[in-house]
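The values are calculated or read from the model by the stated rules, or taken from the named source; none is laboratory data. Because the structure is a prediction, the values reported are computed rather than measured. Here the Cβ positions follow ideal geometry from the backbone for every residue, glycine too, while neighbour counts run over all protein chains shown. Surface accessibility is based on the protein's heavy atoms, side chains included, excluding ligands, DNA and RNA. Shrake-Rupley method; radii C 1.70, N 1.55, O 1.52, S 1.80 Å.
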Amino acid sequence: MAPVSLKIVQGGGAITRTVLFDTAMRVSDAHEIVREKVLVDQPGKDYGLFLTSADDELTGIWLEGHRTLDYYMLRDGDSLQYLCRTRNLRVRMLDGTEKTMLIDETKCVGDLMMVICDKIGITNYDEYGLCFEDEDEQTQEEKPASGTLTLKRKHQTREKDAKLEQLSKKLKTDDNVEWLAQQKTLREMGVDPKKTLLLKRRLFYSDRNVDSRDPVQLNLLYVQTRDAILDGRQVLTEDKAVEFAGIQCQVQYGDFQEEKHKPGFIENMKEFLPEQYAGSWGIDRKVLKEHSKHKGLSPLEAKHLYTRNARELPTYGVTFFLVKMIRQVKQPF
């Protein structure tokens, strides 16, 4: 096979060296040549070769050691980044706790989940996923539309899409959840090393077995279930909402004490009830009455009761998306 001359780039472009390779050479052998010829800033760290995307320098693919250079269709003058394979990843759980861990970013997200969940104490890693934290997008200014019919239609479409997005946020649907693809690496998706990722349960097929013997998973399941109920993503009656609020009180306040837990004790009912029920007349008395029924339950037992009752809801485990109907306009013959 013909030789190929490649640029090996370090330090974001601070160091660039041109190295000659055989296209039939395996990536692992090419890496050994690079290691000998390129100055390594941090000896002892594991490095790899990364091919950036033609469209975006932040994304690309890691070259796999068992592949040949010809597999990646490299040509004379192409550049390869010589990067450290490991990096710190900051992961936040729904209960607000954060963990920073060292990961091999040449691994796809699916493989990383095994490492991440193991360090957190979760065994069924395949039911969890990473997603970007929900951030309010900044509104972009619209350019003035001209008087043509085509531009008016485009403006109307953008306006409808904006309304749909606002409705999605108000109803707390899952349209805006950006899950990281399981089969891609963090660099392939352009995940900034400074970015904090959110760990959430994405599948619900073994959660029935989660109880107080697994406090880590039980807590994460409880928080995710509680948030879904309070955000209105679970459809339930006022009586059911009061039941869940009473159990939540047991989790947060412990046993009911008549001299302490009186009407007005809970300052913000929206922290315990969906918005549509939080302002109902006499609702605080109903919640406290429900709270009194769970005396003696430990916080873990109360969390287990909360999640067990939630599984009986008809909308439990259901993902909601907004859809819009597109009308077909018949063209005249």
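Structure notes:
- Contact map, region 238-262: residues that are surrounded by fewer than 16 Cβ atoms within 10 Å (Cβ to Cβ) paired with residues that are among the aromatic types (Phe, Trp, Tyr) and part of a helix (DSSP H, G or I), Cβ distance under 7 Å, separation 6+ or inter-chain. Pairs shown: Glu238/Tyr277.
- Against the test of being open to solvent by less than 50 Å² (accessible area, probe 1.4 Å), modelled with pLDDT under 90 and either under 30 Å from Ile116 (Cβ atoms) or aromatic (Phe, Trp, Tyr) (or both), the options Asp231, Asp214 yield a single qualifying residue, Asp214.
- Qualifying residue in region 80-89 (condition: out of contact with any helix residue (DSSP H, G or I) (no Cβ under 6 Å at 6 or more places or on another chain) and either part of a helix (DSSP H, G or I) or among the small types (Gly, Ala, Ser) (or both)): no
- Among the candidates Asp95, Asp70, Asp76, Asp111, residue that is farther than 21 Å from Met189 by Cα, open to solvent by 40 Å² or more (accessible area, probe 1.4 Å) and in a helix (DSSP H, G or I): Asp70
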